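The values are calculated or read from the model by the stated rules, or taken from the named source; none is laboratory data. What you see is a predicted model, and the numbers here were worked out from it, not measured in a lab. So basically every Cβ, Gly included, is an ideal-geometry build from the backbone, and we count neighbours across all protein chains shown. Side chains are part of the model used for accessible areas, which takes the heavy atoms of the whole protein and leaves out ligands, DNA and RNA. Shrake-Rupley method; radii C 1.70, N 1.55, O 1.52, S 1.80 Å.
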Amino acid sequence: MRVIGLMSGTSHDAVDAAAADLALDGDTLVLAPLGLLSAAYPDTLRAALAAALPPAATTMAEVCALDTRIGQAFARLAVRADRELCDGRADLISSHGQTVYHWAEDGRVHGTLQLGQPAWIAETTGVPVVSDLRGRDVAAGGQGAPLVSLVDTLWLRGRPGVCAALNLGGIANLTVVPRAGEPLAFDTGPANALIDAAVRDLTGGRLDHDADGALAARGTVHPGLLERLLAEPYYALPPPKTTGKELFHLPYLRAALAATGPVADHDVVATVTELTARTVADAARSVHATEVIASGGGIRNPGLMAALRRDLGTIALRVSDELGLPAAAKEAYAFAVLGFLTAHGLAGTVPSCTGARHPAVLGSITPGRRPLVLPPPDRPAPSRLEIFRR
């Protein structure tokens, strides 16, 4: 089955589309990557999305407009992905959508909202669409994240020691796969969220991220600010746990700065970069990780990766490309897998990772132009993922 995974993460800067040939071979799910496309959100859409995200107030009219416009942006890229990566023969599209709110209180997730109306994707491409993948896990008592944990578990099972898959998006998350026992997954805290917020604020919006870690490299870590940020209670919560920009946003950083006193601009960027590295490393040590496999946009920041490598100490740090999954596309490929499992009536969650009461088949299906025909639901659930390298 040729599946396109569509993803826009908490950095809300672009939509990624990864296409894969997916097939079940006994208890092995075989993934053959077909390629990745990425398209930046139009400036007006990105500005409207940023203006609506917490802690900003918004209206239902704005939410409706965003749902439509994000769905249309996903649809445009899906058309390209079908044509350029699948030769016009995509069988299924799996769309994560754009997370705009993750309702977490007192260690529990009560709801989660992703925008990007799937009807636009199905209508534009004619291909059936799996969407709204997080809600079912939340309804089953889970955190609704990190949903990539199932893919990480299938992919990394059997590696020596305690392997941890790390995604550095707006928020950082770990999936911990020991050689024996149940896997574990959780959000460690901010990855790029506070770095991007600081850069946008300090440059008056001229820059939206710290390209190549250049700004942080011109500063030094401010011990007082770092200590204040590390005192955030979220870091001490036991997993499974999830967080988002509902917590780690610009007013949060400004409050910490106000309590700390004057900090030079470049030192602010250097400090929040170190915050990401320190909290990820602390989390990796807390689960006795022996190896961290990194992916996501944060790996393009050499300053962040250098800080992370230093803070991890004896824990090996690698990127997912070394194991066959392109780091820039790993999450999009993961959602392609989850859509494939849904189409086959197979669960897409690991309860020990999300905290749900039981595994669940995820999402809703929007039919394409032709009658919806799903594969027979009598396939065994896969126990491993194999990456087929062409």
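Tabulated results
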item: Environment charge of residue 200, counting only residues whose C-beta is closer than 15 Å and scoring Lys/Arg +1, Asp/Glu -1; result: -3
item: Built amide H within the under 5 Å cut-off of residue 191, gap 5+; result: 171, 172
item: Ranked packing of 203-214, 338-349, 27-38, most packed first, by mean Cβ within 10 Å; result: 338-349, 27-38, 203-214
item: Long-range amide H partners of residue 9 with built H, under 5 Å; result: 14
item: The stretch 236-320 - percent relative contact order, Cα under 8 Å, separation 6 or more; result: 29 percent
item: For the stretch 314-323, Karplus couplings with θ = phi - 60° (6.51, -1.76, 1.60), whole Hz, Gly/Pro x; result: 7, 6, 5, 10, 10, 10, 5, 4, 5, 10
item: Accessible area expressed per residue, the stretch 226-375, with surrounding protein chains retained (probe 1.4 Å, Å²); result: 40 Å²
item: For the stretch 137-151, 3J(HN,Hα) per residue [Karplus equation, 6.51 cos²θ - 1.76 cosθ + 1.60, θ = phi - 60°, Hz, x = Gly/Pro]; result: 5, 4, 4, 8, x, x, 7, x, 6, x, 6, 5, 4, 5, 5
item: Relative contact order for the stretch 35-187, counting Cα pairs under 8 Å that sit 6 or more residues apart, in percent; result: 17 percent
item: Neighbour net charge for residue 382 - beta-carbon separation under 12 angstrom, K R +1, D E -1; result: 0
item: Percent carbon-and-sulfur accessible area, the chain, ignoring ligands, DNA and RNA, probe 1.4 Å; result: 55 percent
item: Amide proton proximity set for residue 111, modelled H, under 5 Å, gap of 5+; result: 103
item: DSSP-defined antiparallel bridges as percent of all bridges, the chain, nearest 5; result: 65 percent
item: Nearest 10 degrees, 0 to 90: helix 193-202 Cα axis against the chain principal axis; result: 50 degrees
